[in-house]
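The structure appears below as structure tokens.
The values are calculated or read from the model by the stated rules, or taken from the named source; none is laboratory data. Computed from a predicted structure; not experimentally measured. Heads up, the Cβs are rebuilt from the backbone with ideal geometry, glycines too, and the neighbour counts pull from every protein chain shown.
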Amino acid sequence: MNWVILTISCDSTRGIVAAVSSYLAENGCNIVDSSQFDDLDSGSFFMRVVFVSEEGKTLQKLSEGFAGICNKFSMKANFYAELQRMKVILMVSRFGHCLNDLLYRWQIGSLPIDIVAVISNYSEHQKKVLSYGIPYYHIKATKLKTHAELQLRDVIRKNGAELVVLARYMQILSENLCHEMAGRVINIHHSFLPSFKGADPYRQAYQRGVKLIGATAHYVTMDLDEGPIIEQDVARITHAQNSSDFVSIGRDIEAQVLARAVLAHIQHRTFINGNRVIVFPASSGSYSRK
């Protein structure tokens, strides 16, 4: 038996769910989890189905047989092996709290990814990363950014990375790279966007006397800190806490928010819909297997 994830996006119309479920049943598949959303504003339909192929049909066979339904509904559909680990590159600058959290979750098996490399413009994290048996690339940030980006592209290409995670990586990616990797680069911003964009957001928040601080994980676009939002969280603070307290509390939020966003992406729960992201939640708990 093969566990499979099917993702679907198309224009909303009658009969989609019936066609999908009928096809799976006719091909010896048993649906174990299904989520769908009909966006009335955009007229778009999104669906994620987890099923067991009891006859052991391959992804290629299932996809080929599904082509007629795709054509009928002008549908974008993808079949994924549920246990296939996505190849991921982590990128980090000076602060390593998000990197450390992702490495720990990966090590204990709660974040089922294949970390193929860590890239940083600092050398501080090299010893720790290498202790996990993960290649570490120190790509210095220079005024001539094109050279650094050529190195970055080479690492992504030769490792076959399917997802790049900016775990507090503080360098701006070029417009070309953002375009080429659209929907495959996740950033954590230490602020509850769209408030307090750019540098030093915790000090901005402190100076404004806010009562909530937060963090935002989003897909990277050419517009800085403007990408479609995947996950957010907040913590309540008081006037008695200073800007250093904001940073300390914020780091915990950042790590949790980024991990949840990465998990949602690798489980194929996210669908970009214009400037928004449709995120189908896990069945039970933030880190459930399905």
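Mind telling me which of the residues 61, 87, 76 ends up being of a type in the set (D, E, K, R) and without any contact (Cβ under 8 Å) to a residue 60 or more places away in the chain?
61
For region 60-94, residues that are in contact with a helix residue (DSSP H, G or I) (Cβ under 8 Å, 6 or more places away or on another chain) and at pLDDT below 95 total 0.
Of the listed requirements (1) without any contact (Cβ under 8 Å) to a residue 60 or more places away in the chain; (2) buried (at least 18 other Cβ atoms within 10 Å of the Cβ), residue 41 misses just one: (2).
Which one of the conditions (1) on the phi > 0 side of the Ramachandran plot; (2) part of a strand (DSSP E or B) does residue 56 fail to meet, given that it meets all the rest? All conditions are met except number (2).
Among the residues of region 38-83, those identified as among the basic types (Lys, Arg) and either more than 18 Å from residue 10 (Cβ to Cβ) or touching a strand residue (DSSP E or B) at 6+ places or on another chain (Cβ under 8 Å) (or both) are 48, 57, 61, 76. Residue 116 meets each of the listed conditions (1) surrounded by 16 or more Cβ atoms within 10 Å (Cβ to Cβ); (2) of a type in the set (Val, Ile, Thr); (3) in a helix (DSSP H, G or I) apart from (3).
Within region 251-274, being of a type in the set (Gly, Ala, Ser) and part of a helix (DSSP H, G or I) holds for 255, 259, 261, 264.
The sole residue among 216, 221 that is touching a His at 6+ places or on another chain (Cβ under 6 Å) and of a type in the set (S, T, N, Q) is 216.
Just so you know, in region 224-265 the residues that are touching a His at 6+ places or on another chain (Cβ under 6 Å) and within 15 Å of residue 101 (Cβ to Cβ) include one that is surrounded by the most Cβ atoms within 10 Å (Cβ to Cβ), and it is 254.
Residues in region 134-172 that are touching a residue at least 60 places away in the same chain (Cβ under 8 Å) and either polar (S, T, N, Q) or not assigned by TED's automatic domain parsing to the domain that holds residue 253 (or both) were compared, and the one that is surrounded by the fewest Cβ atoms within 10 Å (Cβ to Cβ) is 171.
Screening the candidates 10, 29 for the property of being closer than 22 Å to residue 58 by Cα, in contact with a Ser or Thr (Cβ under 9 Å, 6 or more places away or on another chain) and at pLDDT 95 or above yields one hit, 29.
Going residue by residue through region 49-62, is there one that turns out to be charged (D, E, K, R) and within 25 Å of the chain's Cα centre (by Cα)? No, there is no match, as no residue in region 49-62 is charged (D, E, K, R) and within 25 Å of the chain's Cα centre (by Cα).
Taking region 88-113 as the range and being basic (Lys, Arg) and buried (at least 18 other Cβ atoms within 10 Å of the Cβ) as the test, only 105 passes.
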